Each structure stands twice: as C-alpha cells, then as structure tokens.
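> My questions all concern the structure below.
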Amino acid sequence: MMLKELSEAVGISGNEDEVRAIVLRAVRGHVDEVKVDALGNVLALKRGSGNQPLRVMVAAHMDEIGLMVVDHDNDGFLRVRPVGGVDARLLPGVFLQIGGERIPGVIGLKPVHLLEDEEEERAPRIESLAVDIGAKSRDEAERLAPLGTLAGFTTRFRDLGATVSGKAFDDRAGCAVLIELLQGERFPFDLYGVFTVQEEVGLRGARVAAYAIAPDCGFALEGTIADDLPKDKESSPTTELGKGPAITVMDRSFIADRRLVQHLIGTAEAAGIPYQFKQPGIGGTDAGAIHAVREGVPSATVAVPCRYIHSPVSLLHLDDLRNTARLMRETLTRLTPTTLRRDQ
C-alpha cells in the first residue's frame, strides 16, 4: 500500500493539496470518473460490474492535525494555535515544517532550570509555546511565516518490521485502504470513493460530498486509538494492535447502523478476518456527517488501530492495515439491497 508516501505528505486541514495530488495520481486510470469539488474533496466513481441498484460511498479524510501561526514576537518567535485536536503536552522540542517553503522550526519552552515550582507540576499550554525559525525580529518572522501560515510535523515513515511508525496515520491509513479498493476489481454497484477535507475541524468535507452523492449507505475508513499500553490500573483498551480492524458501534458523532455492523461482523467471521470493536462513545469520524445528510444515510466506520494518535508520531501493525482492506473488499462484495432492508 501507499502508506509511506501518504504519511510523509503534508496536508493540514484546509490545505490538503499535497495529499490530494498523490490520491489523484493513484486513482486515475482505475476509476470511471474523478473530480475535485469546490471544497477540495476528491470524488472518484468506480462503476458497478453488475445490476445492483446501489450507490455506496466510502470515505477517508486527507487532512491531518497541525498548527497555525497567529502572532509574532518582537524577538522573531512565532505564536501558534492548534488546527484540530493537538495535545500541547507533546509539543515542546518537536520539529516543524512551516508553510509551503517547509521552513524548519522547533517548538520552544522555558528551560527546566528556570521553571517555578508550580510550573513544574503543570502541563504547558499551547499559548505558552513559541516556535523558533531563527528569525531575529518581528518583521523577519512576519515575512517568513505570515499570519495564517500552517505548520506540520516533520516525522519520517519508518519500517519497524511487523509495525510501522509515521505521522498522520489518522487518516492516511484510511486513504491507503481506499486507494487499494479503487485500484482493485469492480463491485456489483457504483462505488463512490471520497477523499475528504477538513475532517479534523468538523467533518466538513464529508458533509458536502455526501449531500452531492446522495448514497444509499456509507462507510468511513479511519485510523483510531489503540490504547493497549501498560497502565497503573487495569482497564479495557480502546483497541489493540494486531487484533484486526476496529468496527465502531457508537462514537460521539453517530450511532452506527446496526444492519451494516452485523454485515461487517458476518463478513469477517465468514472470511476468517480478525476484528474488534472500538470502545463506544469516544472520538468521531466522517460517518457522523454522512449519516445525517438529506433523508439520512445508513453508515458505519471501520478503522485501523494506531498508537499515539493525534501526536507527532503514530504506530500501526501492518496486519491490521491489510485486514482492514480485506474486510472492506469482502464487505462491499457481499453488500446487496437486502442488507439494507429494514424489517417492519
């Protein structure tokens, strides 16, 4: 899969151009129609091989979390605010690439030797952090990184054997799976593969795309939390690496359609694909927007478990990535109008 190239691309919410270019190169020649809408979503139509009267939407978001320049200090430092859910505790000392020129910068913090007692006990707030790009004055900083400039992490993709690490696996893992689906054999129905924008700041691209497509059902492909680390107190992990794709039954954005959940479970068990459930009630995905457009769209989410999500580096198990693609291909192949029939 194309995870390395996708991971190392920069695509902070609202500026997904670099990721979109990779996606377009990957899907052209494998789909019947492809277009970019006004918001920046990529909508790729792969026509069906049979006569199943369904329009199925599968979405994965291109954008990643990052930072935006909101002010400049007289000494030439940048002040930033989060774009998406950025955890300020993880930022001190992190290297950044800033703007289209990828200006290098590092996130600074008061040296530990100078901290007051109460500061040592308190996690830093993002407002207290400054980005050092080597500028000597406010004018130089403003010229190099004007207000609104986006800053992303510089993490490189690394092969660790059974696992890999890199940035933005939420949701470049989903993008990699969707590309593989579109590059493969046709399904019995029309498949709309949608690479969405601005998921991290409010599921905005998915809402627009779903309204335009008016699908009969929708699936969101995601990278989700794997909280399978040592803990002081025993508790169930959200998901675990190596245990297969995670099926959502409910999160903060939607309640998954039970017919599609049962179809995913039945498919996984029939095909011998390992699966697990994401712990209900946390996070949100594009399915939260898809399910609520027009007259309503039955929706479900399937995700690749990732450790250290929404941080400068994530880690996933390659078997989970492959099995997510397997589960989605089998699920779509077996999908029929009967799957969506609601018993009266």
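The values are calculated or read from the model by the stated rules, or taken from the named source; none is laboratory data. Not measured: the values here are computed from a predicted model. Cβ placement follows ideal geometry from the backbone for every residue including glycine, while neighbour counts extend to all protein chains displayed. Note: accessible area is taken over every heavy atom of the protein model, side chains too, but ligands, DNA and RNA are not part of it. Shrake-Rupley method; radii C 1.70, N 1.55, O 1.52, S 1.80 Å.
> Within the range 264-299, how many residues turn out to be in contact with a Leu (Cβ under 9 Å, 6 or more places away or on another chain) and more than 17 Å from A325 (Cβ to Cβ)?
Looking only at that region, the number is 9.
> Continuing with this model, one more query. Just name the residue that is nearest to G174 (Cα to Cα) out of those in the range 62-86 that are open to solvent by less than 10 Å² (accessible area, probe 1.4 Å) and in a strand (DSSP E or B).
Applying the filter and picking the extreme gives E64.
> I would also like to ask the following. Just name the residue that is nearest to E295 (Cα to Cα) out of those in the range 216-261 that are touching a Gly at 6+ places or on another chain (Cβ under 8 Å) and part of a strand (DSSP E or B).
Result: A220.
> So which residues in the range 295-329 are touching a residue at least 60 places away in the same chain (Cβ under 8 Å) and assigned to a loop (DSSP other than H, G, I, E, B), if there are any at all?
If the condition is that a residue be touching a residue at least 60 places away in the same chain (Cβ under 8 Å) and assigned to a loop (DSSP other than H, G, I, E, B), then V297, P298, I309, H310, S311, P312, V313 are the ones that fit.
> Which members of the range 251-294 meet the condition of being over 29 Å from A212 (Cβ atoms), among the small types (G, A, S) and either touching a Lys or Arg at 6+ places or on another chain (Cβ under 6 Å) or open to solvent by 40 Å² or more (accessible area, probe 1.4 Å) (or both)?
A270, G272
> Restricting attention to the range 138-171, which residues are assigned to a strand (DSSP E or B) and either out of contact with any strand residue (DSSP E or B) (no Cβ under 7 Å at 6 or more places or on another chain) or not charged (D, E, K, R) (or both)?
Residues satisfying the conditions are L150, A151, G152, F153, D159, T163, V164, S165, G166.
> Here are some conditions: (1) farther than 19 Å from V31 by Cβ; (2) surrounded by fewer than 17 Cβ atoms within 10 Å (Cβ to Cβ); (3) over 21 Å from the mean Cα position of the chain (by Cα). E185 meets all but one. Which one does it not meet?
Every condition holds for E185 apart from (1).
> If you take the residues in the range 213-246 that are among the β-branched types (V, I, T) and in contact with a Ser or Thr (Cβ under 8 Å, 6 or more places away or on another chain), which one is modelled with the lowest pLDDT?
T238
> I'm trying to understand the selection: among the residues of the range 9-32, which are of a type in the set (D, E), open to solvent by 30 Å² or more (accessible area, probe 1.4 Å) and under 17 Å from the mean Cα position of the chain (by Cα)?
Across the range 9-32, the qualifying residues are D17, E18.
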